[in-house]
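In what follows, a single structure is set out as structure tokens and then discussed.
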Amino acid sequence: MTSADDQRPGIRPRATLARRLDLAARHAFPASITILLMLLTEAPFGIVDQTSLLPAVALASVWFWSLYRPAAMSPPVVFAIGLLLDLLDWLPIGTGVLALLIVHGIALRSRRTLGRHGFALVWLAFAVVAAGAATLEWAATAVLTWRLVPPGAMLFQAVLSAALYPALAILFARAHRSIANPERA
Amino acid sequence: MIHLSIPARQALAKLTLPVLVAASFGLMLLGKADAVLADRARIAFADAMAPIYAVLAAPLGNLRAGIANTAGLWDLRATNAHLRTQNEELRRWQSVALALDAENRRLKAELHWIPDPAPTYVTARVVADAGGVYAKAVLLSVGPHHGIKRGEIALDARGLVGRVTEVGARSARVLLITDLNSRIPVVLEGSGAHAIMVGTNGPWPRLLYWPEGSPPREGEHVVTGAETGTFPANLPVGTVHYTSAHVAEVEPAALLDRLEIVRIFDYGLNGIVPPEAAKPLPDWHG
């Protein structure tokens, strides 16, 4: 990842070990915060319907970082996060992976158009994408376990994802500009 | 690192996403073909996480208790008065229960009743929700030499919680009675009629297949039935409640949404479902 930075012209500080570690930490921030938040949602807080937080956090995080820092949220990283989602959420293996990869793909495609607009439109787009992802997970679960799962959980997950996004986006945007910004290393 | 030309690298970068999407379909097929592998991966992961969650559980529990205490201070007087009346009533019931217990023992002694073997049990802390969005289950943190086996029965202080479906080295997963895959033979205490309690993923499981002519009555107590040999008889399950659409449901006696500590009982039952197949079967339609 640092090799890409080295291609650019300009003067920069010497690549000491501390600086390289700093850069690596900034690059690894999006994936690490996603995984940490996902593990936290499983901690025994005793919140009712706490399990629905897990896919909501994963979706919001993958969407945000794929839009604003695709270099740090690459497809293999999304794949790993999806696998973690499947394992933690006891979903049929592969469904979370597929849903998150599709969300990632949509975010990459719409980067140029969405980047020009404000937060409201990004949020709206996320609400639609999250609803689609929840539907996809629900359908895949129904097909893979071959039984009709009640759709209530899917609706709740979609609504919760959309509702949770602004709070997470504020947190991520702050980090994006400060501690996760490789330019400020 | 291998040095590639820029177009080659760009082409490779474009290919990653489609290849990984294909790989996710491959994972689905793999998970379908070898369900044991997926379950093993999950329980290995749960084993790794259970001690961490167990450590977190104590301070988080204190925090929650603190909040509940502060909230409780507001209506201390009302709660006190309510508890006093309830305590008096319970004392009356206690004397009734003691008298009945003595009578029961005397009658059993006269009949030369073969006593039920006393079950062994272990107590474990619930550390995480292991259900996800489409299942109802909890994860228990247990010691390294716990001796918990699949198919054993979990109870909290009030009633039936569920059954153990996966066992790891430091964790065990209990499928709750509200899960979509849960089918439990029950007996309606009032009429003695047998029925099946079917989980719906909602908070209250449904009653099905009761005999013609003895429908469950509102408020009737529901206990487990020993028919299939997977449960001992007469464990408290809950009370019957009819919805507005006149569907018979069971209000579980156990506090399933606030489980903290459960006891896992070994009744030494294998039943018609061997422990290896005791996990939810996808083709069990209600």
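Taken together, the values in this text are just the output of simple stated rules run on the coordinates, not laboratory data. On a predicted model such as this, the values are computed, not experimentally measured, just so you know. A quick note on method: Cβ atoms are made from the backbone with ideal geometry, for glycine too, and the neighbour counts reach across all protein chains shown.
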**Complete:** Close lysine pairs (chain B; alpha-carbon distance under 25 Å; 8 or more apart or on separate chains) counted at 6
**Message:** I'd like to know which of B:F25, B:L12, B:L160 lies farthest towards the positive end of the charge dipole of chain B, counting +1 on Cβ of Lys and Arg and -1 on Cβ of Asp and Glu.
**Reply:** B:L12
**Request:** State, to one decimal in nm, how far the label point of B:A118 lies from the label point of A:A127, with both points 7 Å from Cα in the Cβ direction.
**Result:** 6.1 nm
**Request:** Positive end of the charge dipole of the protein assembly as shown (Lys, Arg +1 and Asp, Glu -1 on Cβ, about the Cα centre): tell me which of A:T141, A:P182, B:G199 has its Cα farthest that way.
**Result:** A:P182
**Message:** Test of understanding: ordering B:R150, A:R20 by Cβ neighbours within 10 Å, fewest first, what list do you get?
**Reply:** A:R20, B:R150
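Only Lys, Arg, Asp and Glu count, each charged at its Cβ (+1, +1, -1, -1), so figure out the dipole size of chain B about its Cα centre, rounded to 20 debye. Mind dumping the intermediate values first?
On the way: 27 positive and 27 negative charges, 193 e Å.
Here chain B has a charge dipole of around 920 debye.
Fully extended, how many nm does the chain gain between B:H221 and B:R158 (0.36 nm per residue separation, minus their Cα-Cα distance)? Write out the running numbers ahead of the final one.
Numbers: separation 63, 0.36 × 63 = 22.68 nm, distance 1.28 nm.
Roughly 21.4 nm would be gained on extension.
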**Fill in**
Most packed first (mean Cβ within 10 Å per residue), the peptides B:122-135, A:56-69 order as A:56-69, B:122-135
**Message:** Can you compute the charge dipole magnitude of segment B:110-163 about its Cα centre, using +1 on each Lys and Arg Cβ and -1 on each Asp and Glu Cβ, nothing else charged? Give it in debye, rounded to the nearest 20.
**Reply:** 280 debye
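Fewest Cβ neighbours within 10 Å first, please rank B:S141, B:S214 accordingly. Numbers along the way, then the final one.
Numbers: B:S141 24, B:S214 14.
Final ranking by Cβ density, sparse to dense: B:S214, B:S141.
Rank the residues B:M28, B:M197 as a footprinting-exposure proxy: fewest other Cβ atoms within 10 Å of their Cβ go first.
On the way: B:M28 20, B:M197 27.
Listing B:M28, B:M197 from fewest to most nearby Cβ atoms yields B:M28, B:M197.
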**Asked** Quick one: putting +1 on the C-beta of Lys and Arg, -1 on the C-beta of Asp and Glu, what dipole do you get for the protein assembly as shown around its Cα centre, in Debye to the nearest 20?
**Response** 2340 debye
**Message:** Name the residue from A:I35, A:M154, A:A18 whose Cα lies farthest towards the positive end of the charge dipole of chain A, charges +1 on Cβ of Lys and Arg and -1 on Cβ of Asp and Glu.
**Reply:** A:A18
**Fill in**
Pseudo-spin-label distance B:S5 to A:W146, built 7 Å along Cα→Cβ, given in nm, is 5.1 nm
**Complete:** Mean per-residue count of partner chain Cβ within 10 Å for A:131-141 equals 1
**Message:** Using helices alone, I'd like the mean residue ellipticity at 222 nm for chain B: each DSSP H run of four-plus residues gives -39500 (n - 2.57), total over residue count, nearest 500.
**Reply:** -13500 deg cm²/dmol
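Would you mind giving the mean number of other chain beta-carbons within 10 Å of the Cβ of each residue in A:77-86, as a whole number?
Values: counts 0, 3, 8, 0, 0, 3, 3, 1, 1, 8.
Average neighbour count from other chains, rounded to a whole number: 3.
Classify chain A: rounded, prolate or oblate, from the alpha-carbon gyration tensor (a ≥ b ≥ c, eigenvalue square roots; a/c under 1.5 rounded; otherwise prolate if a/b is larger than b/c)?
On the way: a/c = 2.06, a/b = 1.84, b/c = 1.12.
Taking the square roots of the gyration eigenvalues as a ≥ b ≥ c, chain A is prolate.
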**Prompt:** For the modelled label position 7 Å from the Cα of A:D22 along Cα-to-Cβ, which residues of segment A:161-180 have backbone nitrogen atoms closer than 20 Å?
**Reply:** A:174-180
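Tell me, what is the FRET efficiency for B:F45 and B:Y209 to the nearest 0.05, using R0 = 35 angstrom and their Cβ-Cβ distance as r? Don't skip to the end; give the middle numbers.
Working: r = 37 Å, r/R0 = 1.07.
Here the calculated transfer efficiency is 0.40.
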**Item:** Nitroxide proxy distance, nm - points 7 Å out along Cα→Cβ at B:L15 and B:L111
**Value:** 7.6 nm
**Prompt:** Calculated FRET efficiency, A:A15 and A:L108, Cβ-Cβ r, R0 30 Å, to nearest 0.05?
**Reply:** 0.55
**Request:** Just tell me how shielded A:94-102 is by partners: mean number of partner chain Cβ atoms within 10 Å of each residue's Cβ, no decimals.
**Result:** 5
